1. Measure off 7 Å from each Cα along the Cα-to-Cβ vector at Glu155 and Glu4, then give the distance between these two points in nanometres to one decimal.
2. When only alpha-carbon atoms are used, what values of Rg and Dmax, in angstrom, describe region 1-155?
3. Separation between the Asp63 and Glu258 pseudo-spin-labels, each 7 Å from Cα along Cα→Cβ, expressed in nm?
4. What FRET efficiency do you get for Arg143 and Asn104 if R0 is 45 Å and r is their Cβ-Cβ distance, rounded to the nearest 0.05?
5. In Å², and per residue, what accessible area does region 280-331 have when probed at 1.4 Å with the other protein chains present?
6. Quick one: dipole size for the chain, taken about the Cα centre, charges +1 on Lys/Arg Cβ and -1 on Asp/Glu Cβ, in debye to the nearest 20.
7. What does the helix-only formula give at 222 nm for the chain: each DSSP H stretch with n ≥ 4 adding -39500 (n - 2.57), the total divided by the residues, and the result rounded to the nearest 500 deg cm²/dmol?
8. When the chain is fully extended, how far beyond the present Cα-Cα distance does Thr251 get from Ala284, taking 0.36 nm per residue of separation?
Amino acid sequence: MWAELLPVGRSAASGGYRRFAWNAADAECRAWFEQQARDRGLAYELDRNGNQWAWLGDPAAGDAVVTGSHLDSVPDGGAFDGPLGVVSSFAALDELRSRNAEFNRPLAIVNFGDEEGARFGVACIGSRLTAGVLGREAAYELRDADGVRLPDAMERAGQDPTAIGADHERLARIGAFVELHVEQGRHLAEHRPVGVASAIWPHGRWRFDFHGEANHAGTTRIEDRRDPMLTYATTVLAARKKARLAGALATFGKVAVEPNGTNAIASLVRGWLDSRAADEPTLAALVAEIERAAAERGERDGVRVELTRESYTPVVDFDGPLRDRLAAVLGGAPVLPTGAGHDAGILASAVPTAMLFVRNPSGVSHSPAEHAETADCLAGVAALADVLEDLACH
């Protein structure tokens with residue numbers, strides 16, 4: 001399975017992946033998922049929000065145990081973030097069948113669509129729509145860098161966009177959701193190959209618009225400039241400093257410039273801030289401080305600053321009894337928090353949810369250098385199989 005997925009959407013130049021929502025690579029990943037389901041005799045289903053499901057047992061019976069993750073990537077992302085969870089889910093089912101496990105509850109494997117938000121700027125779109133966290137009208141307003149609307153992209157890919165929206169009936173079928181994921185950090189590096197998640201830090205994405213004045217780079221005096229690039233650069237440095245002082249995280253990882261000419265002073269710089277903290281008050285205070293620093297610098301530079309919150313996820317504490325049960329099944333596995341968002345975090349408000357992490361020796365993620373050792377991945381499959389057997393067979 002891993003070998004089949006490895007070349008899909010991979011850039012020859014960077015070695016990273018460009019599997020974005022509703023593009024050709026995404027379609028190839030979706031076809032792979034459907035084939036894996038059919039090869040195992042599972043009932044394949046595509047829901048109204050573009051999420052893929054593979055069912056063992058009757059979905060209508062309720063109290064189902066669901067596992068899975070996502071197959072899309074960030075720009076030039078790694079091979080493990082998302083796909084490891086989906087591949088491990090199919091492999092765990094194979095393992096349980098080899099054990100002649102008898103299922104007392106329906107089991108499903110899911111591939112949530114557009115988890116990374118690389119194309120339309122909002123993370124976890126598939127699970128957010130399903131949970132009602134992202135409304136239909138708001139989803140219809142989302143556009144990619146080329147101005148393509150989300151519903152138009154879905155329609156071009158063969159998905160009916162008129163049906164998207166909250167799917168409470170589907171969520172009511174789920175008794176527990178367990179997502180396996182490569183660890184995005186190094187907490188497990190000196191411990192065991194598999195850990196259990198305790199919580200997800202609150203996090204969000206904010207767009208800063210720095211409005212200046214376009215002018216000639218070679219003829220405009222320094223004192224006459226209203227250069228938004230200067231305000232943007234100062235804001236990036238301020239964000240780093242304030243995050244460090246707060247014990248939090250702040251990253252400007254995406255920028256767009258207009259008119260984007262080498263010999264032109266920019267008229268507009270857009271910078272996207274990703275910020276995360278251990279608690280919501282710290283995160284709110286950090287973003288407010290970054291906004292204040294941007295506005296103060298903008299006043300000096302003659303630049304107007306606007307801030308728009310594009311997405312926000314509050315702190316997620318995973319289901320306590322389920323978390324403890326998983327840790328016990330795995331013989332006292334380490335329990336650790338994470339600063340990364342996941343579909344499991346979106347579903348946690350609606351269904352009992354838990355996560356397993358597979359050791360990442362370098363801690364690198366969202367990069368072609370992302371890696372997990374084969375032995376640790378196999379340990380993850382065994383751990384997921386043990387957990388699913390405990391939940392669905394006993």
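The values are calculated or read from the model by the stated rules, or taken from the named source; none is laboratory data. This one's a predicted model, so the numbers in the text were calculated from it and none came from an experiment. In this analysis, Cβ positions are derived from the backbone assuming ideal geometry, glycine residues included, and neighbour counts consider all displayed protein chains. Side chains are part of the model used for accessible areas, which takes the heavy atoms of the whole protein and leaves out ligands, DNA and RNA. Shrake-Rupley method; radii C 1.70, N 1.55, O 1.52, S 1.80 Å.
1. Modelled inter-label distance: 3.3 nm.
2. 16.0, 51
3. The two pseudo-label positions are separated by 5.7 nm.
4. With a Förster radius of 45 Å, E is 0.45.
5. Result: 54 Å² per residue.
6. Details: 40 positive and 56 negative charges, 171 e Å.
Dipole size: approximately 820 debye.
7. Working: 12 runs with 135 residues, N = 394.
Result for the chain, helices only: -10500 deg cm²/dmol.
8. Here the answer is 10.4 nm.
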